[in-house]
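Note sheet for the following structure.
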Amino acid sequence: MTGVAVTTVGVGVGIRVYVVDDHSLVRAGVRAEIGELVTIVGEAGTVGEAVEGIPRSAPDVVLLDVHLPDGGGLAVLEAVVPLAPEVRFLALSVSDTAEDVIAIIRAGAHGYVTKAIG
């Protein structure tokens, strides 16, 4: 069998990530999946928590749920991007509708990933 061995141990540990999702189980899953590859600097379950916590935590990347019960990812982007333009946002959503994708990218997200289960 031929192939290329790929190792990710220690890769990205210096990357600071903030996780925003209204489901604590999703946040826990993200921490479990990427916690050894990056540094999780904070998390939030609401727009208010995210708007307060992201600038204070100074992450490199925010994993941002598009649909939050108190305003959504757009509200987070609108509040945080002017305060911390260096932060990169990656939107996460169960939705793959064109409207959601276009709106969040136009608001400042640098990418969009669906939470597909399969």
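The values are calculated or read from the model by the stated rules, or taken from the named source; none is laboratory data. Everything numeric here is computed off the predicted structure, so don't read it as measured data. Cβ sites come from the backbone with ideal geometry, for glycine too, and all protein chains shown count toward neighbours. These area figures cover heavy atoms from the full protein model, side chains too; ligands, DNA and RNA do not enter into them. Shrake-Rupley method; radii C 1.70, N 1.55, O 1.52, S 1.80 Å.
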> Percent relative contact order of the chain, based on C-alpha pairs within less than 8 angstrom and at least six residues apart?
Replying inline: 22 percent
>> Can you give me the accessible area per residue for the chain, using a 1.4 Å probe, in Å²?
In response: 58 Å²
>> Working only with C-alpha atoms, what are the Rg and Dmax values of region 73-118, expressed in angstrom?
In response: 10.9, 37
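So in the chain, what percent of DSSP beta bridges are antiparallel if you round to the nearest 5?
DSSP beta bridges in the chain are roughly 0 percent antiparallel.
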> How far is it, in nm, from the label point at Arg56 to the one at Glu33 when both lie 7 Å from their Cα along the line to the Cβ?
Replying inline: 2.7 nm
> What is the log10 of I(q)/I(0) for the chain, computed with the Debye formula using one identical point scatterer on each Cα and no solvent, at q = 0.13 Å⁻¹?
Replying inline: -0.49
> For region 39-105, what is one quarter of the convex hull surface built on the Cα atoms, given in nm²?
Replying inline: 4.2 nm²
> Using a basic spin-label model with each label point 7 Å from the Cα along Cα→Cβ, how many nm lie between Val81 and Lys115?
Replying inline: 2.2 nm
